[in-house]
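Novice: This is the structure, below, for whatever I ask next.
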Amino acid sequence: MNRLDAVLRPQIRALCAYHVPPAAGLLKLDAMENPYPWPGELAQAWLESLRGVGLNRYPLPHPHDLLQALARQAGVPPGCELLLGNGSDELIQLIDLCVARPGASVLLPTPTFSMYSLIAQVAGLEVLEVPLRADFDLDLPAMLAAIEQHRPALIYLACPNNPTAGPFDIDAMRAVIAAAPGLVVVDEAYFPFAGRSVLPWLLEFEHLLVLRTLSKVGLAGLRLGYLVGHTQWLREFDKARLPYNINTLTQRSALFALAHADRLAGEAARICADRERLGAGLAALPGVTVYPSATNFILLRLPAGRATAAHEALQRAGILVKNVHGSHPLLADCLRVTVGAAAENDALLAALAAHLTGTT
């Protein structure tokens, strides 16, 4: 036995790391980023807000002003608090580590965000999967049966879901939360484009946690996520949080951005309008099926056997999208494309049309 096998857990050796493809020189429509940078005058004001930040000192461990600003914007219910993370991923990891007692499991309706499974396995949790229905909604009878049989410590519901782009049925979600013996985390990463939230349900369900991020509204580079839940849960998670996990530049930049929340909301509305135009254009292409989206991306299905070739053709045309074919049986022949700026969307439509009609 070599030293790697002798020292590392077998579960870690069996995993594949999360892959981020190189994007240099490509039109990047694979990662659900906001395509609009701050304009010059706002960018200059942001830089001015960073003037005088002391990088020689550790950041605030609990930045009160930022926590208050986020709580006001989100409308956090009474009796609940926020916990900040270096992106949503860190908060998922924190929750998983805290519940990963021997024999504990996490239940996932799949396909869904791949990091739920990866982080759970790293934490030592058993991962249980229940396939979605063919229309990408929750299979409620199967979910309830899995809950009854396995009694999972943790359930993740991404709503809207990545990569399928749509929200889950609200009554089915409520039934899953009501039946859960442990914690339920509803990931609302795409709330700015969906307009529907379960935050008010925190007044009803003490075991519910709501996860959000600033990444999808144009602040992906800050890596700031936040968890909303009842105080008794968040104080326990805070014991396992690494100190100073949110750096000073992120704290100051996020405060600046929240002071201009109207602009972020306007960009989200603009992306939603562009999403409808892009979806209509994609649906008009031969053999393409477009699924309803409440996010800043679109899931589309190509004619059988064409997804990988289309992905490669787009990359040759300088456009990077996500090929999800092969990642789950329900995603056969599917691509996931981010809604870009108007010119980017036009370039995507033209390149895909050329590939599908054989003109390239």
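Novice: Across the stretch 231-236, in residue order, what do the Karplus-derived ³J(HN,Hα) couplings come to in whole Hz, using 6.51 cos²θ - 1.76 cosθ + 1.60 with θ = phi - 60° and x for Gly and Pro?
Specialist: So the J values, rounded to whole Hz, are 3, 5, 6, 5, 5, 5.
Novice: With n ≥ 4 as the cut-off for DSSP H runs, can you work out [θ] at 222 nm for the chain, using -39500 (n - 2.57) per run divided by the number of residues, rounded to the nearest 500?
Specialist: Taking each H run of at least 4 residues, the total per residue is -12500 deg cm²/dmol.
Novice: Now a separate question. For the chain, how big is Rg over Rh, using alpha carbon atoms and the Kirkwood form of Rh?
Specialist: For the chain, the value is 0.97.
Novice: Leaving out ligands and nucleic acids, note down the accessible area per residue over the chain with a 1.4 angstrom probe, in whole Å².
Specialist: Spelled out: the 1.4 Å probe surface of the chain, per residue, equals 46 Å².
Novice: Can you give the % of DSSP beta bridges in the stretch 91-233 that are antiparallel, to the nearest 5?
Specialist: 20
Novice: Determine which lysines satisfy two conditions relative to residue 28: a Cα distance under 20 Å, and not lying fewer than 8 residues away in the same chain.
Specialist: 216, 322
Novice: Turning to a different aspect of this structure: Applying a 10 Å radius around every beta-carbon, put 12-21, 203-212, 242-251 in order of their mean neighbour count, most first. Could the numbers behind the result be given before it?
Specialist: Values: 12-21: 9.1, 203-212: 19.3, 242-251: 15.6.
The peptides rank, most packed first, as 203-212, 242-251, 12-21.
Novice: Here is a follow-up. Tell me, what ³J(HN,Hα) does each residue in the stretch 306-314 have, in order and in whole Hz, if you take phi through Karplus 6.51 cos²θ - 1.76 cosθ + 1.60 with θ = phi - 60° and put x for Gly and Pro?
Specialist: For the stretch 306-314, the Karplus-derived couplings read 9, 5, 5, 5, 5, 4, 5, 5, 5 Hz, x marking Gly and Pro.
Novice: While we're here: Rounded to a whole number, what % of the accessible area of the chain do carbon and sulfur atoms account for, probe 1.4 Å?
Specialist: Carbon plus sulfur share of accessible area: 57 percent.
The values are calculated or read from the model by the stated rules, or taken from the named source; none is laboratory data. These numbers come from a predicted model, not from an experiment. Counting neighbours? That spans all protein chains shown, and the Cβs are built from the backbone with ideal geometry, glycine included. To get the accessible areas, we keep the full protein, side chains included, count just its heavy atoms, and leave off ligands, DNA and RNA. Shrake-Rupley method; radii C 1.70, N 1.55, O 1.52, S 1.80 Å.
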